[in-house]
Amino acid sequence: MKIKKFTAPTELEAIEKIRQELGTEALVINVRKTQPRGLFAFLRKPAVEVTAAYDDGSDKEVLEDLARAESQAKIAATPQAAAVAAKNSDFESMANAAQLEAQIAEKDDRIKMLSDMLLTTGDMLSRAQSQMSVARQSPVERERIYQNNLLQIFYDTLVQNQVSPHIAQEILDDLDNDQLKSKLDINFIVKVVYNSLVKLIGSPSGLLAEPSKGNPQKFAFIGPTGVGKTTTIAKLTADLCLNRGMDVGLITADTYRIAAIEQLKTYGDILGIEVGVAYKPEDLEQSIDDNKNICDIILIDTAGRSHKNVENLAELSEFIKIVPDVEVFLVLSLTTKYEDMLGIVDSFSQIADFKIIFTKMDETDSLGAIVNICHQTGKKLSYITFGQNVPDDIKTVAPGEVAMRLLGLGEED
Ligand SMILES: Nc1nc2c(ncn2[C@@H]2O[C@H](COP(=O)(O)OP(=O)(O)OP(=O)(O)O)[C@@H](O)[C@H]2O)c(=O)[nH]1
Ligand SMILES: [Mg+2]
């Protein structure tokens, strides 16, 4: 059994193409409208893509196609497929529909046999299979079709988790060659993809400062509005004070938002820290000077700024520039659209070099942006936060854990 896609301006024209090329035995298993993409999309009309299955007589390939056949069989049983069969309401299409049903039943038996076999190969593989079958149930927009079904499943899983299709291809295309064909079992592919993802994420690091009164290390937190800058500072401050025994200096340069000063002061009060307030860059310089002999480390909060507001970014830049040897963190929410994240990284790069802190992992299942950002911008990562609880919901990004989740294999522990 083989699968082939046909595109035409209308569904009927696509089906006619299928009949001409594959004959009347071919089965329509999916119909979808496609929108033109790319630079000149507006000049092109929408089209219909019809997926057909046909028997080329090689039963061996049917078995290899089983992983994909499961989802296709499900699609074939949908009202869409029934509607297509109904449209061709002659005897021939009724015969095709009956044949389709018989083939679905036959595939179901084989799918069951295959999953029974897979389940015996251990916990990790069974977890992989169930996670991946979720990916198969909701088809992804594919930019790449692999002949090898396992590679296709891995590609779909990565793309489903928002890894950019071109990055997924970069990783998987290396495996798509004749020399490796015999090696391509699930363990081997998991290992290769895992290693590639871990390498892409690099070696994240947190605040590496040693206690240093007289010359405290300074860290500033910048980023768009509401991403969790102040909450992240509170989490880190609590850790530095309570677990590392450091004297922490807190200064806020956010005098823009109503109650921003009180927000940081509330955390400061709990930890017994007085918060400095900087209305202008010179105040920040003064406040650092005031704190330098009594603090081991100084954390600076800033006002959330839109990456599109050039004036506000220039103002923020003045605050950053006045602090010598400051290390900067850009705080990015994982709930932000990836294209916007790129714009944010780009705009804030004009102000300073920085490491990235990702927040709000608890509000999304898609961690692909982490890998995409590393690949696209080359920026180093630092912390990831996963909830509103101060101080618990923060840790340094763990590349292995992110890779496992992108592979649909859950958390690494
Ligand atoms: N779910 C979730 N919420 C978070 C996380 N981090 C922060 N928040 C929440 O996000 C909201 C905004 O947090 P803030 O720390 O005030 O964000 P900010 O970036 O300082 O905001 P501005 O100073 O106004 O730009 C608050 O309700 C936080 O509790 C996180 O990891 N997960
Ligand atoms: Mg804030």
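The values are calculated or read from the model by the stated rules, or taken from the named source; none is laboratory data. Just so it is clear, the structure is predicted and the values come from calculations on it, not from any experiment. No Cβ is skipped: glycine too gets one built from the backbone with ideal geometry, and neighbour counts run over all protein chains shown.
Points to keep in mind about this one:
- Residue in the range 240-270 that is nearest to ligand 1 (Cβ to nearest atom), counting only those that are polar (S, T, N, Q) and within 21 Å of Arg305 (Cα to Cα): Gln263
- Scanning the range 334-348 for residues that are surrounded by fewer than 22 Cβ atoms within 10 Å (Cβ to Cβ) and either touching a residue at least 24 places away in the same chain (Cβ under 8 Å) or within 16 Å of ligand 1 (Cβ to nearest atom) (or both) turns up Thr335, Thr336, Tyr338, Asp340, Leu342, Gly343, Val345, Asp346, Ser347.
- Asp353 falls short on exactly one of the conditions (1) over 25 Å from Tyr194 (Cβ atoms); (2) buried (at least 21 other Cβ atoms within 10 Å of the Cβ), and that condition is (2).
- Taken over the range 345-388, residues that are away from ligand 2 (no atom under 16 Å from the Cβ), among the charged types (D, E, K, R) and in contact with a Phe, Trp or Tyr (Cβ under 8 Å, 6 or more places away or on another chain) amount to 3.
- Checked against (1) under 25 Å from Ile261 (Cα atoms); (2) modelled with pLDDT of 95 or more, Lys292 passes all but condition (2).
- Boolean, Ile300 is farther than 22 Å from Leu208 by Cβ and within 16 Å of ligand 1 (Cβ to nearest atom): no
- Scanning the range 11-22 for any residue that is modelled with pLDDT under 85, surrounded by 15 or more Cβ atoms within 10 Å (Cβ to Cβ) and not in a loop (DSSP other than H, G, I, E, B) turns up nothing.
- Qualifying position, being under 24 Å from Tyr338 (Cβ atoms), in the same structural domain as Lys355 (by TED's automatic domain parsing) and crowded, with 21+ Cβ neighbours inside 10 Å, among Ile222, Ile171, Ile153: Ile222
- The number of residues in the range 296-311 being without any contact (Cβ under 8 Å) to a residue 12 or more places away in the chain and more than 29 Å from the chain's Cα centre (by Cα) comes to 1.
- Scanning the range 225-259 for residues being away from ligand 2 (no atom under 16 Å from the Cβ) and among the β-branched types (Val, Ile, Thr) gives a total of 1.
- Within the range 363-387, tally of residues that are within 11 Å of ligand 1 (Cβ to nearest atom), outside any strand (DSSP E or B) and modelled with pLDDT of 95 or more: 3
- Single match in Thr231, Thr237 (criterion: within 11 Å of ligand 1 (Cβ to nearest atom), modelled with pLDDT of 95 or more and buried (at least 18 other Cβ atoms within 10 Å of the Cβ)): Thr231
- The range 174-227, residues that are within 16 Å of ligand 1 (Cβ to nearest atom), of a type in the set (A, V, I, L, M) and in a loop (DSSP other than H, G, I, E, B): Val227
- Among the residues examined, Asn215 qualifies as touching a residue at least 40 places away in the same chain (Cβ under 8 Å) and either within 16 Å of ligand 2 (Cβ to nearest atom) or surrounded by fewer than 17 Cβ atoms within 10 Å (Cβ to Cβ) (or both).
- Close pairs (8 angstrom Cβ cut-off, 6 or more residues apart or separate chains): at positive phi in the range 158-174, surrounded by 20 or more Cβ atoms within 10 Å (Cβ to Cβ) anywhere: Gln162/Leu367; Gln162/Gly368; Gln162/Ala369
- In the range 240-285, residue farthest from Ser333 (Cα to Cα) [restricted to those that are buried (at least 17 other Cβ atoms within 10 Å of the Cβ), of a type in the set (A, V, I, L, M, F, W, C) and in contact (Cβ under 8 Å) with a residue 40 or more places away in the chain]: Met246
- Among the residues of the range 293-312, those that are surrounded by 18 or more Cβ atoms within 10 Å (Cβ to Cβ) and away from ligand 2 (no atom under 14 Å from the Cβ) comprise Cys295, Asp296, Ile297, Ile298, His307.
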